[in-house]
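Visitor: I'd like to ask you about the structure that follows.
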Amino acid sequence: MAPLWPLHGANLGTLARTCDATGACLTVPRFPWVPEALARGNTLRKPPCVHWTGDPVGWLERERARGTRVVGVELADEAIRLAELPPARERTVIVLGHEQQGIPPEALDLLDVCVEIPMVGTGASLNVAVAGSLVLYKLAGLL
């Protein structure tokens, strides 16, 4: 799971717990406030699996070069519905964008697939931690 452009630290703690529950790791940017947000949000009895990047787009490029499948959680014309997303059978990264602006345009080109979570209400999107958690559980084959 890669929330590479986070705005709210509370979401990182939630995502770290979801990663632990599904056996995944979290990749986060080297923003000055991220270590404290992770420490504050960590309710686990052990440190979560966390990787760091100072260059989110470069990191995504390197992951793709390794053959990693890159799934973005983003509203897009070509997005598939969450229910259509098959469980991951290969190394996969879930990219989460900024809570207000989404995934930056330069990173959208690096996605293999976009996933959208259908909504019935009037909101346009879910909280990034909730959306990321749903997609991670689906990819892990736990939903």
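No lab work stands behind these numbers, since they all come straight from the coordinates. Because the structure is predicted, anything quoted here is derived from the model rather than measured. Cβ: placed from backbone, ideal geometry, glycine included. Neighbour counts: every protein chain shown.
Visitor: Using Cα pairs closer than 8 Å and at least 6 residues apart in sequence, work out the relative contact order for the chain, in percent. All intermediate terms of the calculation are to be shown ahead of the outcome.
Guide: Working: 241 pairs, mean separation 42.2, N = 143.
Once normalised by length, the contact order is 30 percent.
Visitor: So what are the three principal axis dimensions of the chain from its Cα atoms, in whole Å, longest to shortest?
Guide: On the principal axes, the chain reaches 37, 35, 29 Å in Cα extent.
Visitor: With 10 angstrom as the radius, rank 46, 138 by how many other C-beta atoms surround their C-beta, starting from the fewest. Don't jump to the answer; show the numbers that get you there.
Guide: On the way: 46 7, 138 21.
Taking fewest neighbouring Cβ atoms as first place, the list is 46, 138.
Visitor: Moving to a separate point now. Mind putting a number on the dipole of region 2-139 about its Cα centre? Charges go on the C-beta only, +1 for Lys and Arg and -1 for Asp and Glu, and I need it in Debye to the nearest 20.
Guide: My answer is approximately 720 debye.
Visitor: Can you pull out the GluC sites (Glu not before Pro) in region 36-143 that DSSP calls coil and that have at most 15 other Cβ atoms within 10 Å? Show your work: numbers first, answer last.
Guide: Details: sites: 36, 61, 63, 74, 78, 84, 90, 99, 106, 116; in loops: 74, 78, 90, 99.
Counting only loop positions with at most 15 other Cβ atoms within 10 Å, the GluC sites (Glu not before Pro) in region 36-143 are 78, 90.
Visitor: Rank the residues 134, 26, 126 as a footprinting-exposure proxy: fewest other Cβ atoms within 10 Å of their Cβ go first.
Guide: Ordered from fewest to most neighbouring Cβ atoms within 10 Å, 134, 26, 126 come out as 126, 134, 26.
Visitor: Okay, moving on. Can you give the relative contact order of region 18-99 as a percent, counting alpha carbon pairs under 8 Å and 6+ residues apart?
Guide: 27 percent
Visitor: Follow-up question, since we're still on this one. Could you please state, rounded to a whole Å, how far the C-alpha centre of region 47-103 is from the C-alpha centre of region 18-38?
Guide: The two parts, judged by their Cα centres, are 14 Å apart.
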